[in-house]
Amino acid sequence: MKLYLDVFKKPITKTEVVTAIKTMLDAKRIDTMLFVRRIGWSYHKASTVIRLLEDADVISLMHNNKRTILLNDIDMATNAALRQLRKGNA
């Protein structure tokens, strides 16, 4: 079981996951600095959310220094990510 925690050991929230997915789909790209710059998160929180999205198969694993968005539908991506968050933080 993986826990999705920020640097202060607080769990990543549903709202943060939804915000990340909306930001990612609006920008049509995915990287840690997107969340750091646009949302104002710490690098650690952004990388934790990236790991959550990878575990939920919303985005691909890093390949040739790039990630791909696998679920372009906001509802499907949100549902998959929230299921993974629930599994990880249970």
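Return a yes/no flag: does region 1-11 have any residue that is more than 16 Å from MET76 (Cβ to Cβ), loosely packed, with under 13 Cβ neighbours inside 10 Å and either touching a strand residue (DSSP E or B) at 6+ places or on another chain (Cβ under 9 Å) or modelled with pLDDT of 95 or more (or both). Scanning region 1-11 turns up at least one residue that is more than 16 Å from MET76 (Cβ to Cβ), loosely packed, with under 13 Cβ neighbours inside 10 Å and either touching a strand residue (DSSP E or B) at 6+ places or on another chain (Cβ under 9 Å) or modelled with pLDDT of 95 or more (or both). Within region 61-90, residues that are within 16 Å of ILE50 (Cβ to Cβ) have Cβ atoms under 6 Å from residues that are among the charged types (D, E, K, R) and at pLDDT below 90 in these pairs: GLY88/LYS2, counting only partners at least 6 apart in sequence or on another chain. Put simply, of THR68, THR48 the only residue that is among the β-branched types (Val, Ile, Thr) and surrounded by fewer than 19 Cβ atoms within 10 Å (Cβ to Cβ) is THR68. Among the residues making up region 12-41, a single one is in contact with a helix residue (DSSP H, G or I) (Cβ under 8 Å, 6 or more places away or on another chain), of a type in the set (Ser, Thr, Tyr) and modelled with pLDDT under 95: THR32.
The values are calculated or read from the model by the stated rules, or taken from the named source; none is laboratory data. What you see is a predicted model, and the numbers here were worked out from it, not measured in a lab. Here the Cβ is made from the backbone with ideal geometry for all residues, glycine too, and neighbour counts use every protein chain on show.
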